[in-house]
1. Can you pull out every residue in segment 222-231 that is crowded, with 18+ Cβ neighbours inside 10 Å and touching a strand residue (DSSP E or B) at 6+ places or on another chain (Cβ under 9 Å)?
2. Provide a single number: the residues in segment 143-172 that are out of contact with any Leu (no Cβ under 6 Å at 6 or more places or on another chain), surrounded by 16 or more Cβ atoms within 10 Å (Cβ to Cβ) and within 26 Å of residue 70 (Cβ to Cβ).
3. Identify, by number, the condition in (1) over 12 Å from the mean Cα position of the chain (by Cα); (2) within 22 Å of residue 14 (Cα to Cα) that residue 103 doesn't meet.
4. How about segment 234-246: which of its residues are more than 28 Å from residue 137 (Cβ to Cβ) and either modelled with pLDDT of 85 or more or not in a loop (DSSP other than H, G, I, E, B) (or both)?
5. Quick check on my filter: what residues within segment 41-76 are in contact with a Lys or Arg (Cβ under 7 Å, 6 or more places away or on another chain) and among the polar types (S, T, N, Q)?
6. Identify all residues within segment 118-129 that are open to solvent by less than 10 Å² (accessible area, probe 1.4 Å) and assigned to a loop (DSSP other than H, G, I, E, B); write none if there are none.
7. Listed residues 139, 103; which is buried (at least 18 other Cβ atoms within 10 Å of the Cβ) and at pLDDT below 95?
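The values are calculated or read from the model by the stated rules, or taken from the named source; none is laboratory data. Note that the coordinates shown come from a computational prediction; the quantities given were computed from them, not determined experimentally. Positions of Cβ are generated from backbone atoms using ideal geometry, with glycine treated the same way; all protein chains shown enter the neighbour counts. What goes into the accessible areas is simple: the full protein's heavy atoms, side chains included, and nothing from ligands, DNA or RNA. Shrake-Rupley method; radii C 1.70, N 1.55, O 1.52, S 1.80 Å.
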Amino acid sequence: MLLIVVNANCQSKMVTIKGGTYTPLYGRDSLQVTISDFEMDVYPVTNEEFLEFIKTNSKWTKSKIIRLFADENYLYNWKSDTSLNKNQSLKAPITSVSWFVANAYCECQGKRLPTVDEWEYVAMANEKLPDARTLKTYNEFILSWYEKPKTFNNKIGSTFKNYWGVFDLHGLVWEWTYDFNSVLVSGESRKDVDNDSNLFCGSAAIGATDLMNYAAFMRYAIRGSVKARYTMKNLGFRCVKDKITN
């Protein structure tokens, strides 16, 4: 039996997300998806929190990581196994970590990575509305972030607090999801063997329910272009957990 030890010292603050039904903007042929109640971290996991995790889980340090679980750029900007470079903020999101490592971190906290649908469901909110996707200002904010350099080293909480009380879903880093590569498939088995081939072509947006929502398309494109062992300097994560009901 696998024993998971929960580290209470680096538990992030969480908020409850009330479930509901929504229509994804990409890849699901306008089918509605039902989301159950769950809890989500208010902020992405920080360098400081990940450093505490590393100190008690040495197999995930940059010197001991098995290359099956992370590529050669894993924690590339860290000075050593347990120290950051001077230009890195402890309060900035942890990045350059693979899906395997992000998943292990969440499990260590007694949590898990969010599904694509859970992440998108929360991320479609602005400050006042649970679904702000039709607002021009909402999409302009996201698209303007794509053009800003090095936002991955900005401190958590530096973007807006959304309807659910969650910060930084847009504006700092991309974020891993549990099923990050589960959407960009054609539905035809002979094509699904290589579903990355046309990922960044204009034709790849044909499945979008709103072809003008380039911001959403870019998120799905990034997810579909990575593999679980890949690391990126602007790709981090946050955790969720199922809402326990009595």
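1. Of everything in segment 222-231, those that are crowded, with 18+ Cβ neighbours inside 10 Å and touching a strand residue (DSSP E or B) at 6+ places or on another chain (Cβ under 9 Å) turn out to be 223, 226.
2. Residues that pass the stated criteria total 8.
3. Exception for residue 103: condition (1).
4. 239, 241, 242, 243 - these are the residues of segment 234-246 that are more than 28 Å from residue 137 (Cβ to Cβ) and either modelled with pLDDT of 85 or more or not in a loop (DSSP other than H, G, I, E, B) (or both).
5. If the condition is that a residue be in contact with a Lys or Arg (Cβ under 7 Å, 6 or more places away or on another chain) and among the polar types (S, T, N, Q), then 46, 58 are the ones that fit.
6. The answer is 125, and nothing else.
7. Of the residues listed, the single one that is buried (at least 18 other Cβ atoms within 10 Å of the Cβ) and at pLDDT below 95 is 139.
Residue-by-condition table, conditions (1) open to solvent by 30 Å² or more (accessible area, probe 1.4 Å); (2) under 22 Å from residue 181 (Cβ atoms); (3) in contact (Cβ under 8 Å) with a residue 40 or more places away in the chain; (4) among the polar types (S, T, N, Q):
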| residue | (1), (2), (3), (4) |
| --- | --- |
| 24 | no, yes, yes, no |
| 43 | yes, no, yes, no |
| 53 | no, no, yes, no |
| 58 | yes, no, no, yes |
| 70 | no, yes, yes, no |
| 76 | yes, no, yes, no |
